[in-house]
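The values are calculated or read from the model by the stated rules, or taken from the named source; none is laboratory data. Since the model is a prediction, treat every value here as computed from it, not as a measurement. Positions of Cβ are generated from backbone atoms using ideal geometry, with glycine treated the same way; all protein chains shown enter the neighbour counts. For the accessible areas, the whole protein counts, side chains as well, though only heavy atoms, and no ligand, DNA or RNA atoms are used. Shrake-Rupley method; radii C 1.70, N 1.55, O 1.52, S 1.80 Å.
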Amino acid sequence: LEKKEISIANRKRKIAPLKIGPDTPTRIVVNIGLGANQKTTLKDIEIEMEKAKVAVKKGADIIADLSISKDVGLLRKRLLKELDVPISTVPLYDTCIETLKKGKKIFDFSRKDVIETIREHAEEGVDIITLHSALTKELLQLVKKDERVIPIPSRGGAFIACFMNRRHEENPLYEEFDDILEILREHRVTLSLGSALRPGSVADGFDSVYLREIMVQGELVRRARKKNVPTIVEGVGHMSIGVIPICIQIIKQICQNVPIRPMPISTDVGIGNDHVSGAIASAMAATYGADIICSITRCEHLGFPRVEDIAESVSAYKIAAHIADIAKNNDLAIDRQMSIARSKRKWREMWRLALDGEFACKLQKKLSNSVEEKSYCSMCGPLCALKLVAGENGTRRSKNRDDL
Ligand code: SF4
């Protein structure tokens, strides 16, 4: 099925719509948000705002607010006001937090509560809303019978599973799907179909439970398209890197070739450096057709990331996205320019062309004193291979490489 371009911007936002389609580069989404155990202070909000701003400066295309603090909405309002990139949220988190604040259990929310939270986010200007609509009652039964190491890795999925288990009712995000689509269409909000059952362990991999969820996502994509709601599909998760291309192809086939927003990671033992594991897997996913890669930090599975972890992660994912774009488009122009600049050791030109030139420049200044004035770096010093081959050995100037 031909891939159609989608354009992301809530009707209310005065931002340039973010286009995602066959001719656009791989996009990067960065997760931030206030944690559950915090008593939110103004400083906490400032730190999350700093993370978001640093992420955008480093090249993030979308900021996802995954806050689960008691002060729901505070950060979201600031993000919508101060950033000019699309903001993505998961309204179900707010529904659950509000329910807990009323002294009830997490699953004691009503269908009306769910719909009202989605409406509130859409009216405020949120550009992308994630809904874990594809985890149906039937699928939950399959998960219970399965022997997955990690049955449900997703937070939103866990909340919905809790609701269905305790209330013995169908997932409200599935049952009320058509009414929710009306709200999204009215406010020109992009639907991001969440994946509750993407594998959470490489040992589980691309299994039949996840495949069944993709099939439900496919059904929901068709319904969303009928109502002209731009749609993205989330998924992939922890799986061997060799399986990622197959998984992406299957999602594309079943979900009508809508944009894919994967969260892949291809080993579980890189903990502490999961931004590396995730970026490698994301490069593979994007090479085979994923459109938006979701950056994770080295703190993934360990704790709350710091500003510097977000910055480091976005840089890693910028590289992953660029590697995938080279593979997809065979466009080597900027890499070629960089190689030419490097062969001549034109440092300023290299900083200009680099994906993170500011970082590269600072690093080199630490490693080599006033390097911009030099025709080599501290690695090989005057025995610089590039300099020798160019015939700039200080005693003679050769234009002919054969003279070496
Ligand atoms: S000194 Fe060595 S590492 Fe540095 S630019 Fe020359 S060849 Fe490259």
Quiz item: Of all residues in the range 179-199, which are open to solvent by 10 Å² or more (accessible area, probe 1.4 Å) and either of a type in the set (Lys, Arg) or touching a Gly at 6+ places or on another chain (Cβ under 9 Å) (or both)?
Solution: ARG185, HIS187, ARG188, ARG198
Quiz item: What pairs can you find where one residue is in the range 377-388 and more than 12 Å from ARG342 (Cα to Cα), the other is open to solvent by less than 60 Å² (accessible area, probe 1.4 Å) and more than 6 Å from the ligand (Cβ to nearest atom), and their Cβ atoms are less than 7 Å apart, with a gap of 6+ or different chains?
Solution: SER378/SER368
Exercise. For the range 67-119, name all the residues that are under 15 Å from GLU176 (Cα atoms), outside any helix (DSSP H, G or I) and either touching a Gly at 6+ places or on another chain (Cβ under 7 Å) or aromatic (Phe, Trp, Tyr) (or both).
Key: PHE109
Quiz item: Consider GLU308 against the criteria (1) open to solvent by 30 Å² or more (accessible area, probe 1.4 Å); (2) among the acidic types (Asp, Glu); (3) under 14 Å from the mean Cα position of the chain (by Cα): it satisfies all of them except one. Which criterion is unmet?
Solution: (3)
Quiz item: Mind checking whether some residue in the range 310-330 is out of contact with any strand residue (DSSP E or B) (no Cβ under 9 Å at 6 or more places or on another chain), on the phi > 0 side of the Ramachandran plot and not acidic (Asp, Glu)?
Solution: yes
Quiz item: In the range 367-384, which residues are modelled with pLDDT of 90 or more and away from the ligand (no atom under 14 Å from the Cβ)?
Solution: none
Exercise. Check GLU147 against each of (1) open to solvent by less than 10 Å² (accessible area, probe 1.4 Å); (2) in a loop (DSSP other than H, G, I, E, B) and name the one condition it does not meet.
Key: (1)
Quiz item: If you take the residues of the range 336-357 that are without any contact (Cβ under 8 Å) to a residue 60 or more places away in the chain, surrounded by 12 or more Cβ atoms within 10 Å (Cβ to Cβ) and of a type in the set (D, E, K, R), which of them is farthest from the ligand (Cβ to nearest atom)?
Solution: ARG352
Quiz item: Which condition breaks for SER133 when tested against (1) open to solvent by 10 Å² or more (accessible area, probe 1.4 Å); (2) part of a loop (DSSP other than H, G, I, E, B)?
Solution: (1)
